1. In nm, give the distance between the simple-model label positions of THR65 and ILE169, each being 7 Å from the Cα along the Cα-to-Cβ direction.
2. I'd like the Kirkwood hydrodynamic radius of the range 190-276, using the inverse of the mean 1/r over distinct C-alpha pairs, in Å.
3. Pop a pseudo-label 7 angstrom from the Cα along the beta-carbon direction at both LYS256 and ILE14 and give the gap in nm to one decimal.
4. May I ask you to evaluate 6.51 cos²θ - 1.76 cosθ + 1.60, the Karplus curve with θ = phi - 60°, for each residue of the range 88-94 and list the ³J(HN,Hα) values in order in whole Hz, giving x for glycine and proline?
5. Roughly how many Å² of LYS261 are accessible to a 1.4 Å probe, to the nearest 10?
6. Looking at this model, which pairs from LYS230/LYS265; LYS232/LYS265; LYS97/LYS232 are more than 20 angstrom apart at the alpha-carbon?
7. Given points 7 Å out from each Cα along the Cα-Cβ axis, report the PHE156 to THR264 separation in nanometres with one decimal.
8. Is there a pair in LYS104/LYS248; LYS104/LYS276; LYS108/LYS155 whose C-alpha atoms are over 22 Å apart, and which pairs would that be?
Amino acid sequence: MTDIFNNREIAIGICILLFFIWVLSLSLESRKNFLRLFTVIFTTNLIDYFLSMIVYTMSIILILTLIGFWDFSLLKDSVFWLIFAGFPLFMKITELKNSNHFAKEVLKGSLKGIIIVEFLSNFYTFNLFIELFLMIFLTLVNILPIVKPDKILEKFASNVNMVFGFIVIIYIGYNLYQNIFGFINVNTLKSFILPVLLTITLIPFLYSVALLDLYGTMYRRMSTHLKGQKLKWYLKYKLFTNFKLNLKTLRFFQSKLGFEKITTKSEINNNFERFKVLTD
């Protein structure tokens with residue numbers, strides 16, 4: 001088997017198998033609750049956005065293929081990036097939406113995922129038992145703060161990831177020092193660059209999702225008492241013509257909007273006029 005898969009890939013496969021065995025060992029009620037969680041996720045707009053992100057990423061990969069950068073040797077790196085960097089970033093879209101420095105926060109938030117991708121794709125593989133320990137330990141460290149939100153667990157996970165990141169960076173630096181021409185080749189360079197490149201090209205998509213989500217929130221809030229499709233379309237028109245692609249200004253408008261009923265065209269206009277006075 002080691003002729004086909006390396007120890008890390010075997011360790012990942014064993015972890016996935018253990019996960020399914022654990023799910024099957026749960027009581028019937030626990031399994032139902034577990035499945036119900038996925039049902040809730042897959043019946044919301046979340047799945048639509050996530051599928052859109054996959055299509056978007058595939059489009060970027062197609063462009064990279066056409067320019068001669070991407071080939072099937074990078075398929076594993078691309079899948080790892082989607083799981084450990086792309087999807088976690090997508091799940092943080094609400095947090096990113098409230099940031100004044102969107103691109104900076106995306107790159108900062110993706111750092112941990114990129115390091116994990118680099119580790120899984122390029123890092124020296126250890127003995128199978130060490131690989132299993134690393135996979136299980138890192139998975140538990142990063143999942144526990146999500147399952148049971150706790151400041152101590154979050155800080156511990158952050159410190160472990162930071163130390164792990166330093167180890168990866170030191171190892172890469174050591175290999176560069178020992179044998180720069182043996183360690184660095186075209187394929188290795190592509191493998192290192194790909195996660196960063198995919199993250200940077202994902203920024204416009206994440207920004208669009210954040211913008212659409214906030215537009216949707218504002219529309220639902222302002223259109224609650226509007227009667228007739230014409231008024232609702234007029235509200236959409238006013239929202240877009242006033243804010244266009246400016247997420248920061250739209251978020252500021254949201255913070256200043258009152259909760260009075262909006263039922264007429266003049267009341268829609270008054271809200272935007274009052275906001276213009278505030279920003280002038």
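1. Result: 3.5 nm between the two label points.
2. About 14.5 Å, per the Kirkwood formula over Cα pairs.
3. The answer from the label model is 6.0 nm.
4. x, 5, 4, 5, 9, 4, 5
5. Here the accessible area works out near 130 Å².
6. In this structure, LYS97/LYS232 lie more than 20 Å apart at Cα.
7. A separation of 6.1 nm, rounded to one decimal place.
8. The answer is LYS104/LYS276.
The values are calculated or read from the model by the stated rules, or taken from the named source; none is laboratory data. None of the values given here were measured: they were computed from a predicted structure. Virtual Cβ from ideal backbone geometry, glycine too; neighbours counted across all protein chains shown. Please note that ligands, DNA and RNA were not included when accessible areas were found on the heavy atoms of the full protein model with its side chains. Shrake-Rupley method; radii C 1.70, N 1.55, O 1.52, S 1.80 Å.
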